[in-house]
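The values are calculated or read from the model by the stated rules, or taken from the named source; none is laboratory data. These numbers were taken from a predicted model, which means no experiment stands behind them. We place every Cβ from the backbone using ideal geometry, glycine too, and count neighbours over all the protein chains shown.
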Amino acid sequence: NAGVMQNPRHLVRRRGQEARLRCSPMKGHSHVYWYRQLPEEGLKFMVYLQKENIIDESGMPKERFSAEFPKEGPSILRIQQVVRGDSAAYFCASSPWQGQYNSPLHFGNGTRLTVT
Amino acid sequence: KQEVTQIPAALSVPEGENLVLNCSFTDSAIYNLQWFRQDPGKGLTSLLLIQSSQREQTSGRLNASLDKSSGRSTLYIAASQPGDSATYLCAVITQGGSEKLVFGKGTKLTVNP
């Protein structure tokens with residue numbers, strides 16, 4: 001039973017380009033969460049999705065950032081027109097239905113985005 | 001707004017010592033508290049989850065306690081080993097917070113052989 005899979009592990013983009021980060025949740029998990037870890041900062045919640053629905057995007061910047069979790073395929077975090085301040089580690093986590101309160105989140109190894 | 005603080009930010013101990021990591025949170029209305037371990041360049045590994053109705057959880061050499069009313073949790077590591085070296089993160093889910101975890105900045109632990 002594979003864990004949460006994120007790819008790519010490392011991503012380098014020039015300012016102004018687009019970054020697409022992918023996350024495949026654990027088998028049987030229908031809830032996906034994205035967190036961002038800036039250098040020397042703690043992890044910050046960005047967005048919470050269920051299949052085809054955004055449940056809570058209160059932590060996501062209003063501009064340039066978007067997330068989806070389609071019926072088929074991985075969840076995608078998309079950052080348009082990247083800036084240096086977007087450089088961070090982006091982590092995806094998954095849980096089963098209504099699992100957050102009773103079972104721990106399972107995290108992927110993250111995608112480290114570097115904007116040059 | 002929930003805030004989570006971890007003290008100390010870094011800790012260096014000789015192998016074999018027992019140690020305590022501290023976590024405090026400002027809003028005691030939580031569903032649960034979780035301790036994670038993060039190794040450099042890696043993701044997070046869940047260590048212990050304490051429900052709001054529980055006082056402690058144990059796994060091997062790890063013991064986590066929760067005092068919800070005072071907004072505190074401790075992670076006790078017995079007989080520390082060099083392999084315990086990592087950053088330890090504390091996180092809570094706040095009631096009414098739509099299931100998102102609020103993290104502290106972590107305690108970076110180094111266990112010296």
message: Here is a check on your reading of the model: is A:GLY28 at pLDDT below 90 and under 14 Å from A:SER94 (Cα atoms)?
response: yes
- request: Can you tell me which residue among B:LEU62, B:LEU66, B:LEU89 is within 27 Å of A:GLU57 (Cα to Cα) and at pLDDT 95 or above?
  value: B:LEU89
field: Complete set of residues in segment A:1-17 that are charged (D, E, K, R) and closer than 11 Å to A:VAL115 by Cβ
entry: A:ARG13, A:ARG14, A:ARG15
task: For segment A:53-95, please list each of the strands (runs of 3 or more DSSP E) lying entirely inside it that holds at least 1 residues being surrounded by fewer than 14 Cβ atoms within 10 Å (Cβ to Cβ), within 14 Å of chain B (Cβ to nearest Cβ) and not hydroxyl-bearing (Ser, Thr, Tyr).
output: A:53-56
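Table: residues versus (1) in contact with a strand residue (DSSP E or B) (Cβ under 6 Å, 6 or more places away or on another chain); (2) among the aromatic types (Phe, Trp, Tyr); (3) under 19 Å from B:GLU3 (Cβ atoms).
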{"site": "B:LEU44", "(1), (2), (3)": "yes, no, no"}
{"site": "B:GLU56", "(1), (2), (3)": "yes, no, no"}
{"site": "B:LYS68", "(1), (2), (3)": "no, no, yes"}
{"site": "B:ASP84", "(1), (2), (3)": "yes, no, no"}
{"site": "B:THR94", "(1), (2), (3)": "yes, no, yes"}
message: Can you tell me which of (1) within 14 Å of another protein chain (Cβ to nearest Cβ); (2) in a strand (DSSP E or B); (3) under 14 Å from A:LEU113 (Cα atoms) is the one A:LEU49 doesn't meet?
response: (3)
statement: Filtering segment B:98-113 down to residues that are within 18 Å of B:ASP27 (Cα to Cα) and not in a loop (DSSP other than H, G, I, E, B) yields B:LEU101, B:VAL102, B:PHE103
Selection within segment A:9-56 - touching a residue at least 12 places away in the same chain (Cβ under 8 Å) and among the small types (Gly, Ala, Ser): A:GLY16, A:ALA19, A:SER24, A:GLY28, A:SER30
- prompt: Pick from B:SER69, B:SER80: which is part of a loop (DSSP other than H, G, I, E, B) and more than 28 Å from A:PRO39 (Cβ to Cβ)?
  reply: B:SER69
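To keep it simple, each residue is scored yes or no on (1) closer than 26 Å to A:GLU40 by Cα; (2) part of a loop (DSSP other than H, G, I, E, B); (3) within 11 Å of another protein chain (Cβ to nearest Cβ).
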position	(1), (2), (3)
B:VAL13	yes, no, no
B:ARG37	yes, no, yes
B:GLY41	yes, yes, yes
B:LEU47	yes, no, yes
B:GLN54	no, yes, no
B:SER73	yes, no, no
B:GLY96	no, yes, no
- request: Identify, from the list B:SER73, B:SER24, the residue that is among the hydroxyl-bearing types (Ser, Thr, Tyr) and buried (at least 20 other Cβ atoms within 10 Å of the Cβ).
  value: B:SER73
- prompt: Out of segment B:76-89, which residues are under 25 Å from A:GLU41 (Cα atoms), surrounded by fewer than 16 Cβ atoms within 10 Å (Cβ to Cβ) and touching a Lys or Arg at 6+ places or on another chain (Cβ under 9 Å)?
  reply: B:TYR76
